[in-house]
Structures are given as structure tokens and as C-alpha cells.
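Enquirer: Below: one structure in C-alpha cells.
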Amino acid sequence: MPHSLRGSSLRSRLALAHAAGAHHPALVKAHGSLYKSACENRSGILSPAPPSPTPPLLLRMAQITFRINPKPTYSERMTDARSELRRLIKEQLCAITHDNTATMSWSRRSYMKNVVTRYRVRIEGWPLSEVPFRNLSDVPNLGKLELLLQGWKEGRIRFCQITEEQYLAMIHDPAPWIGPATDDAEGDE
């Protein structure tokens with residue numbers, strides 16, 4: 001960025017972009033009325049667009065202000081995967097329990113009380129050897145979240161109704177379904 005633009009406001013940078021002909025739809029979308037007001041002359045009339053800018057100026061503006069054709073970052077992809085997983089899990093829990101207010105609990109104690117005991121359902125097919133049963137916010141990487149997401153979508157991981165006998169066995173030892181007890185697994189959701 002030229003030295004003369006350092007510390008300048010977004011409005012003045014947008015006005016400069018307009019003067020250079022940077023009428024890119026993403027600028028208008030990202031900054032809406034601010035972009036329009038930066039481009040108006042003193043009489044309030046939108047000034048005509050000058051000839052198209054040279055690509056370097058537009059790219060320099062894009063790097064400062066926004067991403068053109070954004071590719072989701074790793075963090076955004078993790079957030080999206082978690083959101084979709086939570087949606088699928090809630091949707092399937094509500095469907096199997098016939099309770100639209102049913103919610104998933106992730107701590108060992110809360111899961112046993114609020115899901116298994118209350119509804120007599122449990123998760124089957126969770127890949128415990130690859131992803132410990134825990135809150136999705138604590139799953140450490142995208143690969144593991146995608147493994148869970150694919151499992152839920154394909155039905156390899158699912159909620160199942162359990163009989164009274166299965167319930168009693170799970171109360172006695174839930175480890176085959178949710179893994180062994182650990183100190184951090186007992187925490188809050």
C-alpha cells in the first residue's frame with residue numbers, strides 16, 4: 001500500500017478505488033452504502049465509473065478489504081463440519097425419540113442421564129478407536145470431524161432404540177459405546 005494511504009479510512013480507500021474504476025461487485029456487496037457514499041460527489045449524484053482499473057490495484061484493494069472468490073479457511077471448514085454434525089445429530093435424535101426438544105449431551109454423565117436413560121436410545125457405530133466420544137468442539141482436526149460426518153450421513157453412526165436389558169448393561173458399563181471413563185470426559189458439556 002502506498003505510504004500516503006496508510007491509516008486512511010475505509011471510506012477514503014473505497015473512494016480511491018472508485019476513482020480508479022474499481023466497481024467490482026464484491027466491493028459493492030461487502031461495503032454497500034459506505035461504498036456508494038464514498039463514490040458520490042458533493043451534490044449526492046453517483047459519479048460515473050472511470051475506465052476499468054488495472055488488475056494490480058484491484059488485487060491490492062482486495063487483499064486489504066476482502067477476499068475475492070473466497071475459499072473457506074481450515075477453521076471455517078471445521079466450523080461448518082461441526083455445525084452440520086450437530087444438525088444431523090439433533091435431527092436424528094429428535095426423530096428417534098419423537099421429541100422435537102431433545103438435545104444431545106456430550107459429557108459421559110449427561111449423555112447417560114439425558115439421552116440413554118431418558119429416551120432409551122444410544123449411539124452405535126461411533127469410531128471410538130479414531131475419535132473419542134466427546135463434545136464436537138473438542139474434536140481436534142477436520143479429518144476426524146469429516147469421518148464422523150460421513151459416518152452419520154451414511155448411517156454407520158446412528159441412534160438406536162435399546163431394550164431394558166441393553167439399557168441395564170449400558171448402565172453397568174457404557175465403555176463399549178462411549179469409551180472408557182477419563183477425567184476430562186466427565187466435565188461439563
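Enquirer: Only one of (1) part of a loop (DSSP other than H, G, I, E, B); (2) modelled with pLDDT of 95 or more fails for GLU84. Which number is that?
Expert: (1)
For every residue, the table says whether it meets (1) modelled with pLDDT under 95; (2) over 24 Å from GLU76 (Cα atoms); (3) in contact with a His (Cβ under 8 Å, 6 or more places away or on another chain); (4) hydrophobic (A, V, I, L, M, F, W, C).
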residue	(1), (2), (3), (4)
ARG109	yes, yes, no, no
ASN114	no, yes, no, no
THR117	no, yes, no, no
ARG120	no, yes, no, no
ILE123	no, yes, no, yes
SER137	yes, no, no, no
PRO140	yes, no, no, no
LEU145	no, no, no, yes
LEU148	no, no, no, yes
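Enquirer: Hey, LEU128 hits all of (1) touching a helix residue (DSSP H, G or I) at 6+ places or on another chain (Cβ under 8 Å); (2) open to solvent by less than 30 Å² (accessible area, probe 1.4 Å); (3) over 23 Å from SER75 (Cβ atoms); (4) not aromatic (Phe, Trp, Tyr) but one; which does it fall short on?
Expert: Condition not satisfied by LEU128: (2).
Enquirer: I'd like to check which helices (runs of 4 or more DSSP H) are fully inside the stretch 117-188 and have at least 2 residues that are charged (D, E, K, R).
Expert: Helices (runs of 4 or more DSSP H) meeting the threshold: 142-154, 164-172.
The values are calculated or read from the model by the stated rules, or taken from the named source; none is laboratory data. Just so we're clear, the structure is a prediction, and the values are computed from it rather than from any experiment. Ideal geometry is used to build each Cβ from the backbone, glycine not excepted, and the neighbour counts take in all protein chains shown. Calculation scope for accessible area: heavy atoms of the full protein, side chains included, ligands and nucleic acids excluded. Shrake-Rupley method; radii C 1.70, N 1.55, O 1.52, S 1.80 Å.
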